[in-house]
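Notes for the one structure printed next.
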Amino acid sequence: LLKRLGKWDPLLSCQYASCVIMPDCDFSYRGIEIIPEILFDRTNYRGLDETAIMSFSYWRRVLQSQYGFEGTGLDDSEMDRLANLLRGDFHFVPSMKDTIDATSKALCVLTDEQYDVLESLSDNERTLVSGMAGTGKTLLGMEQARRMYWAGNSVLYVCFNKSISEYVQYQFDKEGLDIRVGTLHSIMSDGNQADYDLPEYYENVLPAQFMKRLSEKEYDYLIVDEGQDLFREGYLPCLSKLLKGGLQDGSWLIFYDQNQNIYNSNNQFDSCLSKLKKCGAASFKLTVNCRNTKQIADANTLMTGVSNIGRPKVSGLKVQYLAYQNKEEEHQLLEDLIISLRNDGIYGSDVIILSKYSLANSKNCLSNKPLSKVAGLMKIGGQIWRAKKTELRFSTISAFKGLESKVVVLIDVDGFSDNALRMLNYVAVSRASTLLYILYDKSKESERQNMMVSSYLKL
């Protein structure tokens, strides 16, 4: 200010208050140079307004007690001039962790669209809700399950993916809610899957055995997540058997996303959806993408050609593409990337490595050589949505379907145009909420570019 204004400017004769703010840290050190009254860390920081008031109060007390002096304030025009002068020297570069945490927090706010659907459920006995990945289908399903439970109903929450069922059950158990959660296959088998290796077992044998069982509990309300994977002719009667009044006259809520229909034929999907609509079901569509940033959603469209990604509400970090020439180079790229993320303060539990190949498959760059201890311990089984801060996670794309992670590292991408690969890539990319890295085979670069060019107009 002295350089800019000269020593005779009124702003140079002011008394200035100071303080130190570390809102993301616990600062316990105390020494002769520390003034506790104007030190604010995670334990006592209450926002800028309160901090300013407390800091000025401290320094006014010091001036009065030591010098018997209390100055007057600046007028509005002087404060504006001072603020504009100081603002130009204020620079802040947030860490990678700060950025993804802030982005993740912004994504977690319920949308008006989700509130509207929730309120409409009370007016409809049977409801179909479609929505692409990231529109909050599981979130809404869990909230509706809570509401129906507290209204005195017995509630059954059914899905396809084991990891989702474990996650939902864990959340309900934490809240003390007696809501049954399970995959349809686990419910039908009741823990007995003797012939699960037979190709036709899940499709035909298991449903037939379930329908022959004489007694089965009927629930007041049925919620089906991942409906696109359960829209099969043999499964609808099984769902109906679990519900009082059946699908025709009972109370149910079914979520689905045709883009994630990676296990089912489109003909069977369409046939089952038509039958459900004939049950007098109301239909709603979720369009706001509240999981992925705009950058991740755009990357998904460019990479897969799927245009109905939803309307993202938050902008974020750039998606990174890393090309490799062989599996050894891919392994080194992955290792360097994970170490870099750790050095940026990102917890291992915030990261998931996804591949369409299992660790036992030689096409997986981790099959013959795990990551070093420097990169961190890797969790590959159990409740994959749950990990210690130090644990890096790995999962196949199929096993992680329906779940999400702040950071996704998609590895072993060796194709872009094949329809089955496009759907797998769509599922994988849509798991990332704030940060996405894609490791792909360099020999597929022209295929990737062609896909991006053909998809560009769909953005």
Determine whether ALA83 is on the phi < 0 side of the Ramachandran plot, out of contact with any His (no Cβ under 6 Å at 6 or more places or on another chain) and without any contact (Cβ under 8 Å) to a residue 12 or more places away in the chain. yes
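Each row is one residue, and each column tells you yes or no for (1) more than 26 Å from ARG126 (Cα to Cα); (2) at pLDDT 90 or above.
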{"site": "CYS159", "(1), (2)": "no, yes"}
{"site": "SER165", "(1), (2)": "no, yes"}
{"site": "ASP197", "(1), (2)": "yes, no"}
{"site": "ASN204", "(1), (2)": "yes, no"}
{"site": "ALA208", "(1), (2)": "no, yes"}
{"site": "MET211", "(1), (2)": "no, yes"}
{"site": "GLU216", "(1), (2)": "no, no"}
{"site": "ASP225", "(1), (2)": "no, yes"}
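Please indicate, with yes or no, whether at least one residue in segment 29-40 is touching a residue at least 40 places away in the same chain (Cβ under 8 Å) and either touching a strand residue (DSSP E or B) at 6+ places or on another chain (Cβ under 7 Å) or open to solvent by 100 Å² or more (accessible area, probe 1.4 Å) (or both).
No, that holds for no residue.
Condition check ((1) open to solvent by 10 Å² or more (accessible area, probe 1.4 Å); (2) under 21 Å from ILE339 (Cα atoms); (3) at pLDDT below 90) across all residues:
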| position | (1), (2), (3) |
| --- | --- |
| GLY382 | yes, no, yes |
| ALA387 | yes, yes, yes |
| ILE397 | no, no, no |
| LEU439 | no, yes, no |
| LYS444 | yes, no, no |
| MET451 | yes, no, no |
Within segment 411-459, can you find the residues that are within 11 Å of LEU302 (Cβ to Cβ), touching a Phe, Trp or Tyr at 6+ places or on another chain (Cβ under 9 Å) and assigned to a loop (DSSP other than H, G, I, E, B)? PHE416
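Hey, can you tell me all the residues within segment 336-373 that are of a type in the set (Val, Ile, Thr) and free of Cβ contacts under 8 Å to residues at least 24 places away in the same chain?
The initial filter retains those residues of segment 336-373 that are of a type in the set (Val, Ile, Thr), namely 338-339, 346, 351-353.
Once the filter is applied, which keeps residues that are of a type in the set (Val, Ile, Thr) and free of Cβ contacts under 8 Å to residues at least 24 places away in the same chain, segment 336-373 yields nothing.
Yes/no matrix, rows are residues, columns are (1) more than 28 Å from LYS97 (Cβ to Cβ); (2) out of contact with any Pro (no Cβ under 7 Å at 6 or more places or on another chain):
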position	(1), (2)
TYR16	yes, yes
CYS19	no, yes
ILE32	yes, yes
PRO36	no, yes
ARG42	no, no
ARG46	no, yes
THR51	no, yes
ARG60	yes, yes
LEU63	yes, yes
For ILE262, work out the one condition from (1) surrounded by fewer than 18 Cβ atoms within 10 Å (Cβ to Cβ); (2) touching a Lys or Arg at 6+ places or on another chain (Cβ under 7 Å); (3) closer than 27 Å to TYR437 by Cβ it doesn't fulfil. (2)
Name every residue in segment 218-237 that is free of Cβ contacts under 8 Å to residues at least 60 places away in the same chain and not in a helix (DSSP H, G or I), in order of residue number. GLU218, PHE231, ARG232, GLU233, GLY234, TYR235
What strands (runs of 3 or more DSSP E), lying completely within segment 302-387, carry at least 1 residues that are within 18 Å of the chain's Cα centre (by Cα) and either more than 28 Å from TYR456 (Cα to Cα) or acidic (Asp, Glu) (or both)? 351-355
Can you name every residue in segment 322-376 that is β-branched (Val, Ile, Thr) and surrounded by 12 or more Cβ atoms within 10 Å (Cβ to Cβ)? ILE338, ILE339, ILE346, VAL351, ILE352, ILE353
List the residue pairs whose Cβ atoms are under 8 Å apart, where the first residue sits in segment 93-113 and is more than 15 Å from CYS290 (Cβ to Cβ), the second is open to solvent by less than 30 Å² (accessible area, probe 1.4 Å) and among the hydroxyl-bearing types (Ser, Thr, Tyr), and the two are 6 or more positions apart or on different chains. THR99/THR434; ILE100/THR434
Residue list for segment 200-217, restricted to those being open to solvent by 10 Å² or more (accessible area, probe 1.4 Å) and either within 33 Å of the chain's Cα centre (by Cα) or of a type in the set (A, V, I, L, M, F, W, C) (or both): TYR202, GLU203, VAL205, ALA208, MET211, LEU214
Of the residues in segment 225-245, those that are open to solvent by 10 Å² or more (accessible area, probe 1.4 Å) and either among the polar types (S, T, N, Q) or over 21 Å from ALA420 (Cβ atoms) (or both) number 8
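The values are calculated or read from the model by the stated rules, or taken from the named source; none is laboratory data. For clarity, every value in this text was computed on a predicted model and none was experimentally measured. FYI the Cβ positions are ideal-geometry reconstructions off the backbone, even for glycines, and counts take in every protein chain you see. The protein model used for the area step is the full one, side chains on, heavy atoms only, and it has no ligands, DNA or RNA in it. Shrake-Rupley method; radii C 1.70, N 1.55, O 1.52, S 1.80 Å.
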